[in-house]
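See structure below.
The values are calculated or read from the model by the stated rules, or taken from the named source; none is laboratory data. All of these numbers come straight from a predicted model, not from anything done at the bench. A quick note on method: Cβ atoms are made from the backbone with ideal geometry, for glycine too, and the neighbour counts reach across all protein chains shown. Side chains included, ligands, DNA and RNA excluded: accessible areas come from the protein's heavy atoms. Shrake-Rupley method; radii C 1.70, N 1.55, O 1.52, S 1.80 Å.
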Amino acid sequence: MTVRAAPSPEEIRKRNLAALLRHVHRDGAASRATLAERMGLNRSTILALTADLAAAGLVREELPGQTGKAGRPSLVVRAESERVYVVALDVGADRLAAARVGLGGLVLDQIETARPMGTFDPEDVISALASMARGMIGKAADAVCVGVGVAFCGMVREEDGVVRYGPNIGWVDVPFGASLTRELDLGLRVAVGNNANLGALAERERGVGVGLSDLIYLHGDVGIGGGIIMGGQLLGGEGGYAGEVGHMIVNRDGRPCACGSRGCLEAEAGELGLIAAAGRTDRAGRAAVEAIVEAAARGDATARDALHNVGDWLGYGVANLVNIFNPSMVVFGGVLRDIYLASAAQVRSRVAVDGLQAVRERVRLRTSTLGGDATLIGAAELAFADVLTDPLQTLARISAGLE
Ligand SMILES: [Zn+2]
């Protein structure tokens, strides 16, 4: 039997500060009374914690909006969204995006650049991201940046941000996180995660899956990534690379995939599969998917057949996932949102035929409510991790680094 020492008062205070900040960050402004109830602490403890966080500039107390109730309204504790922020970056196969996201999850500023598909030179990507980030940081001179997070469209080793494999942009073992940390030189480690994993967390924290503990998020750009949350935890596997559902083989005689295999879900049901099936190889990316969806809606037979086919393959993939994981929800994000909306009947009928009754009867198929921003919001949450774990120490470390 291990006897563990009771946590010191200092340790308890640190945990409570972090817990209070997480409440305000995730659920929005709340009165001290509400926070006391949610956290199971007495009001004088909440008062002291709020005072510490306010002194550090992380929260402020203010009058709530008009409630319509008579009497003196009680003050609410609100995150200092304009003052404390993170930089979130997103590397997709055909776009780079950046956002400044304030504490509390408020998107303050956002930019995006489309890129031609194909191989990306890591140095080009790093300098483009760094210049997007610097531009945003430069506009926020009075605020403090507490983290940088990146969503990446491939397999990432989270502890050091090495991209092990990014098939759609041609990267193998690129020390991406370390290089971007050096290039930005903010005194902050750049955290990197897989885009679909981060999208799954974002949908669970702030999107269509709030509060669910068993959810699968499927993200489509050129490829298809999967983020699988089971029992409230992201499924990582031995190396943290679990959830590569895009390379689940659904068609033995199928189309070649960027990974070297054939008939992978992303080759059949992703953007490229749809574009090829519709014979629209003159365009690429989201614009091509939108054009096909519009053509089908106007009655174009080729576009309709292509969506029908792709929906069928997507349905096989979803049926497999539902049978294996028994999620309560499957969320379609990125371009898969458009593809799913235009082929939902096929996807649902595949799941009805191939899903086992006990698991398919309760699963909900939904589109992302964060839309194209799910991965970026997930990257922001990754960047907030330190300040939400130890708020005062993290701020002290950052301001020491800036002096
Ligand atoms: Zn593949």
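See the values below:
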read-out	value
Yes/no for LEU272 being within 25 Å of PRO167 (Cβ to Cβ), within 16 Å of the ligand (Cβ to nearest atom) and either at pLDDT 95 or above or not assigned by TED's automatic domain parsing to the domain that holds MET230 (or both)	no
Residue that is buried (at least 16 other Cβ atoms within 10 Å of the Cβ) and touching an Asp or Glu at 6+ places or on another chain (Cβ under 8 Å), where the choices are GLY166, GLY147, GLY161	GLY147
Neighbours by Cβ (under 6 Å, 6+ apart or cross-chain): first from region 82-111, in the same structural domain as GLU381 (by TED's automatic domain parsing); second open to solvent by less than 10 Å² (accessible area, probe 1.4 Å) and of a type in the set (S, T, N, Q)	ASP90/THR375
Within region 343-378, considering residues that are in contact with a Leu (Cβ under 9 Å, 6 or more places away or on another chain) and over 26 Å from ASP90 (Cα atoms), the one most open to solvent (accessible area, probe 1.4 Å)	ARG348
Matching option when the condition is over 27 Å from GLY401 (Cα atoms) and open to solvent by less than 10 Å² (accessible area, probe 1.4 Å), among GLY199, GLY207	GLY199
Selected residue (only one of ALA291, ALA301, ALA306, ALA287 is open to solvent by 10 Å² or more (accessible area, probe 1.4 Å), under 26 Å from ALA352 (Cα atoms), small (Gly, Ala, Ser) and away from the ligand (no atom under 16 Å from the Cβ))	ALA301
Answer residue from region 210-227, given it is within 16 Å of GLY246 (Cα to Cα) and more than 12 Å from the chain's Cα centre (by Cα) and is farthest from the ligand (Cβ to nearest atom) among those	ILE216
Residue check, ASP282 open to solvent by 50 Å² or more (accessible area, probe 1.4 Å), more than 16 Å from the ligand (Cβ to nearest atom), assigned to a loop (DSSP other than H, G, I, E, B) and under 30 Å from LEU307 (Cβ atoms)	yes
Qualifying positions in region 223-241 - assigned to a loop (DSSP other than H, G, I, E, B) and open to solvent by 10 Å² or more (accessible area, probe 1.4 Å)	GLY231, GLY232, LEU235, GLY236, GLY237, GLU238, GLY239, GLY240, TYR241
Considering residues of region 246-269 that are farther than 14 Å from GLY311 by Cα and under 21 Å from the mean Cα position of the chain (by Cα) only, the residue nearest to the ligand (Cβ to nearest atom)	HIS247
Pairs, first closer than 26 Å to ASN168 by Cα in region 182-196, second of a type in the set (D, E, K, R) and in a strand (DSSP E or B), C-beta under 8 Å, six or more apart	ASN195/ASP90
Tabulated pairs, region 242-255, first outside the structural domain of ARG164 (by TED's automatic domain parsing) and without any contact (Cβ under 8 Å) to a residue 12 or more places away in the chain, second open to solvent by 80 Å² or more (accessible area, probe 1.4 Å) and within 11 Å of the ligand (Cβ to nearest atom), C-beta under 8 angstrom, 6+ apart or interchain	ARG252/ARG262; ASP253/ARG262
Tabulated pairs, region 357-371, first closer than 17 Å to ASN320 by Cβ, second modelled with pLDDT of 90 or more and charged (D, E, K, R), C-beta under 8 angstrom, 6+ apart or interchain	LEU365/ARG348
Among residues of region 156-188, those that are more than 19 Å from the chain's Cα centre (by Cα), at pLDDT 95 or above and of a type in the set (Phe, Trp, Tyr), counted	0
Members of region 126-143 found to be touching a residue at least 40 places away in the same chain (Cβ under 8 Å) and surrounded by 13 or more Cβ atoms within 10 Å (Cβ to Cβ), listed by number	ILE126, SER127, LEU129, ALA130, MET132, ALA133, ARG134, MET136, ILE137, ALA140, ALA143
